[in-house]
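Have a look at the structure below, then the notes.
The values are calculated or read from the model by the stated rules, or taken from the named source; none is laboratory data. Just so it is clear, the structure is predicted and the values come from calculations on it, not from any experiment. Positions of Cβ are backbone-derived with ideal geometry, glycine not excepted, and every protein chain shown enters the neighbour counts. Remember, those area values only see protein heavy atoms, side chains included, never the ligands or the DNA or RNA. Shrake-Rupley method; radii C 1.70, N 1.55, O 1.52, S 1.80 Å.
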Amino acid sequence: MPKRKTSTKARQKLAVKKSAGKKVVKLKAKKTAAKATAKAAANGLPRPSAKPWGQAGKALDGVRILDFTHVQSGPTCTQLLAYMGADVIKVERPGVGDITRGQLRDVKGADSLYFTMLNGSKRSITIDSKHPKGKEILDRLIKHCDVLVENFAPGALDRMGLTWEHIHKTNPRMIVASVKGFGPGPYEDCKVYENVAQCAGGAASTPGFREGPPLVTGAQIGDSGTGLHLAFGIVSALYQRIRTGRGQRVLCAMQDGVLNLARVKLRDQQRLGHGPLTEYSQYGEGISFGKAVPRAGNDSGGGQPGWILKCKGWENDPDSYIYFITQAPVWGAICDLIGKPEWKSDPDYATPPARLPRLRHIFDTIEQWTMTKTKFEVMDICNAVDIPVGPILSMKEIAEEPSLRKTGTVVEVDHPTRGKYLTVGNPIKMSDSITEVRRSPLLGEHTEEILGKELGYSKAEIAEIKASGAITAPEKGARAEAA
Ligand code: CAO
């Protein structure tokens, strides 16, 4: 076939068309590349939400927690997860519940503050975990939830039949998080409470005064501290699960959690091998060190000497004290305040090493000044010139402090049987996940709601379960034989 002759005009047209086509292809390729780069830069994340801050849901929205915790360490963990938006379903023994409901009761017949302050923003379901029907409900909950959290005595969960193997088979995505007193080793079977952990974690050997016995602290570093560690482990496991698709076990031993919080003392133990701890006041007092880190009274844990000093009114108010830190950069300001400007240039006081052997005299002199002021006056005066000080706030003052109410750190909630009470809200503030602090649930308050709405039991089935005694107290239900 003879070749068709193309006119110059047509050729030009074709060339323009071809080049336009090439341009479109190039543009498309560019756009695809740009999209791929943007996707890579976003690390697979969705576009940034355009919703106003705090209105894009909560951090842990959609996460369901099967909360098998009791007393303090476990409940601290799950309460924090609830504050972050997780749906926390607390499983309690029918008729009894978490033992703390009745411990340290201040209002007759009402759940104690011990319980209410550790179980806010959760739902409660009663299940006898040793009852065959109870076990069946628990299996449904295991399938339904993302995380099981427990702090039973070692072996208790296995005795319920809820071994890791069983849970993992039932729901391979489930994370099983546990608090135990000790990790694997000679003490792994021991039951452990707060002060046992403070002692075994090394923390109790260091507070108190040199001449006195070891001391435990009121801050619950064993229980609440370990609960906090566990919460971190759970959130990390949830994050890893996004990649692996499977759950894992998370274990926090209270001994380990306490040691983690007391790590500066293990630091000092090692420093002791290289010479005396010069920031401890016993160094300045010429008292030699033994083989282990000594009790340090109110010495500062950091490199800047500090002590607790009396303030105006200390004779009648046991909390009229302030923590005073003689930080090197503000030494001049301290000297001016306390009426000792000559100390600024006196070689015995001018440098931190020169002051070390004289700390007791220095703090006695500063105290002569702090005793002329209330702790809040000292706070105002010192902070104005950047001297770090800390008033000893009583729990009464904390409860009444307006700024803590304003930030939601101290929250008042209303409870149907005990009335209004104060609780500690979320100490972690997030700009896009707003915490809602709700009162703690009554025992079994949400049992039917969870069985019906979440687990899909029909009304007839719920009635059957009730009659079986699996969710009601033995004296109330026609209890079936336990397995
Ligand atoms: N239905 C039926 N039985 C239930 C149940 C339910 N819903 N919930 C709990 N139980 C049973 C457990 O199965 C266990 O029974 P067995 O021992 O017969 O198997 C029993 O209740 C008691 O559990 P426990 O041993 O955990 O409780 P305890 O009061 O004897 O010990 C504690 C409490 C805290 C010392 C222990 O749980 C422990 O060492 N936990 C780990 C460390 C910890 O968290 N300590 C901090 C506590 S806060 O200060």
Could you sort Asp299, Asp380, Asp268 by accessible area so the largest value comes first, with the probe set to 1.4 Å? Asp380, Asp299, Asp268
Provide the solvent-accessible area of Arg360, counting protein heavy atoms only and rolling a 1.4 Å probe, rounded to the nearest 10 Å². 150
Taking Cα atoms only, helix 359-370 is inclined relative to the longest principal axis of the chain by an angle, in degrees rounded to 10, of 90
What is the Cα radius of gyration of the chain over 2.2 N^0.38 Å, N being its residue count? 1.36
What angle do you read, to the nearest 10 degrees and between 0 and 90, between the alpha-carbon axis of helix 223-244 and the longest principal axis of the chain? 20
The stretch 339-448 - percent relative contact order, Cα under 8 Å, separation 6 or more: 11
Accessible-area order (highest first, 1.4 angstrom probe) of the listed residues Trp53, Trp331: Trp53, Trp331
Between the stretch 349-367 and the stretch 243-302, the Cα center-to-center distance that results, in Å: 25
With all protein chains modelled, accessible area of Lys51 [1.4 Å, Å²]: 120
Accessible area (Å², 1.4 Å probe, nearest 10) - Ile325: 40
Of Cys199, Cys190, which has the most accessible area with a 1.4 Å probe, and how do the rest follow in descending order? Cys199, Cys190
So for the chain: antiparallel DSSP bridges make up what percent, rounded to the nearest 5? 40
Within the stretch 115-211, which chymotrypsin sites (Phe, Trp or Tyr not before Pro) sit in a loop by DSSP and count at most 12 neighbouring Cβ atoms inside 10 Å? Phe209
